[in-house]
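Student: Input: one structure, supplied below.
The values are calculated or read from the model by the stated rules, or taken from the named source; none is laboratory data. This one's a predicted model, so the numbers in the text were calculated from it and none came from an experiment. Ideal geometry is used to build each Cβ from the backbone, glycine not excepted, and the neighbour counts take in all protein chains shown. To get the accessible areas, we keep the full protein, side chains included, count just its heavy atoms, and leave off ligands, DNA and RNA. Shrake-Rupley method; radii C 1.70, N 1.55, O 1.52, S 1.80 Å.
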Amino acid sequence: VIVGFMESIAIAKQLATKNNYEIDASTEFLGLGMANLTAGLFSGYPVTGSFSRSAVNNDAGAKSGISAVVTATVVGLVLLFLTPIFELLSLPTLASIVISGVVSLVDYEEAIYLWKVHKFDFGVWMFAFLGTLFLGVELGLSLAVGLSLFLVVFESAYPHTAVLGRLPGTTEYRNVKNYPQAECYDSIVAVRIDAPIYFANTQQVREKVSKYVCKAKKELADSGREDQAVQFIILELNAVPHIDTSGLHTLQDMNTDYTNRKIQLCLTNPNNKVMERLVNSGLVEDIGRDHIFVSTHDAVHYCLSEMVIKENSQHSNNMNSPADRFPLALGEPENGGLMDDDDRRLPMTSSDFSEGRDVEAGNVVF
């Protein structure tokens, strides 16, 4: 049934595109179901859309469903009264009629477009084409659907992640590979995850974050700052639409691991669904409510402020202003001093919660 539906919807979409009209897949599925139910009541054959007959019907200029009634009537009359005339027609003759109709459905321009734009999609297209051509419609479509599902699982199991840096003069954070001029800060690793976090990719996400941390440590060592260490990891979750229990356990393990290594984990901009699961799992309390932020900008500002406070407490009389170590960070004035409270957006703190004020983290109000 599923293969028959795929065959029917494939030819229907092709003809809809060719003739500039829309189809409703749900309605098509309902029609096929009713047709098969009726056929089953009378011991009939399974019903599905036909590639060859649909193509011939379209080339003949058919415009409505009445054409199917006319076709069925003519076929019935031929079977009843004209069978002796067509009895001796060879199979190649009949095949040529089918081929002449189906060849118009081969979309060469789409194949060329896929080759130029996305090689993987072109591979799936060729796989479906060759499988249908040599193995039959049912088996060819089944293999193509299986390959498509495999590619979906493969891509989701290896999600895209990016190290973020601040674009100069702005509060926007972008992929440092796409924007080489983006500024990164010592001891802070900001990472964006661009996929759902679930059982198939949790280990991959954890390994990538660990790789970014190791790379940041190596850069500090190469620049002669071995005394510094990574102190904060910021995970931007605005592109994470879903997280399952495996993902929650992975974040919990990451938080425990990095806490033991004196690295603070921060989260930014989770959506409603993700935030609800973080709260219900207790992860929000483990990470700390004051370490969940509306934006990456707020999180970085908080981390820099904490680092400044720590530096002041350790070297209050033996070094220059800590702001000199982070010039123009987060839109600070050029004189190196921190901005007034009225001039910047402060990150969430624990006092915001203790005083009972509503603080928005992502789209969730505590």
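Student: Which numbered condition in (1) among the hydroxyl-bearing types (Ser, Thr, Tyr); (2) under 39 Å from the mean Cα position of the chain (by Cα); (3) surrounded by 10 or more Cβ atoms within 10 Å (Cβ to Cβ) is the only one that THR71 fails?
Tutor: Tallying (1) among the hydroxyl-bearing types (Ser, Thr, Tyr); (2) under 39 Å from the mean Cα position of the chain (by Cα); (3) surrounded by 10 or more Cβ atoms within 10 Å (Cβ to Cβ), THR71 fails exactly one: (2).
Student: Determine, yes or no, whether VAL308 is more than 27 Å from TYR198 (Cα to Cα) and without any contact (Cβ under 8 Å) to a residue 60 or more places away in the chain.
Tutor: In short, yes.
Student: In the range 97-135, how many are modelled with pLDDT of 85 or more and more than 22 Å from LEU147 (Cβ to Cβ)?
Tutor: Residues in the range 97-135 being modelled with pLDDT of 85 or more and more than 22 Å from LEU147 (Cβ to Cβ): 0 in total.
Student: Report, by residue number, each residue of the range 102-137 that is among the charged types (D, E, K, R) and part of a helix (DSSP H, G or I).
Tutor: GLU109, GLU110, LYS116, LYS119, ASP121
Student: Here's a follow-up. Test each condition in (1) open to solvent by 10 Å² or more (accessible area, probe 1.4 Å); (2) within 21 Å of THR170 (Cα to Cα); (3) among the hydrophobic types (A, V, I, L, M, F, W, C) for CYS303 and report the one that comes out false.
Tutor: (1)
Student: Further question on the same structure: Check off (1) over 25 Å from PHE129 (Cβ atoms); (2) open to solvent by 80 Å² or more (accessible area, probe 1.4 Å); (3) assigned to a helix (DSSP H, G or I) for LYS63 and give me the number that stays unchecked.
Tutor: LYS63 satisfies all of (1) over 25 Å from PHE129 (Cβ atoms); (2) open to solvent by 80 Å² or more (accessible area, probe 1.4 Å); (3) assigned to a helix (DSSP H, G or I) except (3).
Student: Ok, one more. Within the range 10-42, restricting attention to residues that are part of a helix (DSSP H, G or I) and β-branched (Val, Ile, Thr), which residue is surrounded by the most Cβ atoms within 10 Å (Cβ to Cβ)?
Tutor: ILE11
Student: Here's something else I'd like to know. Among the residues of the range 248-257, write down those that are open to solvent by less than 30 Å² (accessible area, probe 1.4 Å), more than 23 Å from ASN175 (Cα to Cα) and of a type outside the set (Val, Ile, Thr).
Tutor: LEU248, ASN255 - these are the residues of the range 248-257 that are open to solvent by less than 30 Å² (accessible area, probe 1.4 Å), more than 23 Å from ASN175 (Cα to Cα) and of a type outside the set (Val, Ile, Thr).
For every residue, the table says whether it meets (1) open to solvent by less than 40 Å² (accessible area, probe 1.4 Å); (2) modelled with pLDDT under 90.
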| site | (1), (2) |
| --- | --- |
| VAL205 | yes, no |
| ALA216 | yes, no |
| GLU219 | no, yes |
| ASP227 | no, yes |
| GLN231 | no, no |
| LEU237 | yes, no |
| HIS242 | no, no |
| THR245 | no, no |
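Student: Right, VAL56: touching a residue at least 40 places away in the same chain (Cβ under 8 Å) and either open to solvent by 40 Å² or more (accessible area, probe 1.4 Å) or in a helix (DSSP H, G or I) (or both) or not?
Tutor: Yes: the conditions hold for VAL56.
Student: Still on this structure: Tell me which of these TRP125 doesn't satisfy, since it passes every other one: (1) open to solvent by less than 50 Å² (accessible area, probe 1.4 Å); (2) in contact with a helix residue (DSSP H, G or I) (Cβ under 6 Å, 6 or more places away or on another chain); (3) of a type in the set (A, V, I, L, M, F, W, C); (4) without any contact (Cβ under 8 Å) to a residue 40 or more places away in the chain.
Tutor: (1)
Student: Right, THR93: of a type in the set (Ser, Thr, Tyr), modelled with pLDDT under 85 and exposed (fewer than 14 other Cβ atoms within 10 Å of the Cβ) or not?
Tutor: When the stated conditions are applied, THR93 passes them.
Student: Scan the range 154-169 and report the pairs whose first residue is touching a residue at least 60 places away in the same chain (Cβ under 8 Å) and whose second residue is open to solvent by less than 20 Å² (accessible area, probe 1.4 Å) and not in a helix (DSSP H, G or I), with Cβ atoms within less than 6 Å and a gap of 6+ or a chain change.
Tutor: That search, which allows pairs on different chains as well, returns LEU164/TYR173; LEU164/ALA190; ARG166/TYR173.
Student: Could you list, in sequence order, the residues of the range 111-122 that are among the charged types (D, E, K, R) and open to solvent by 80 Å² or more (accessible area, probe 1.4 Å)?
Tutor: LYS116, LYS119
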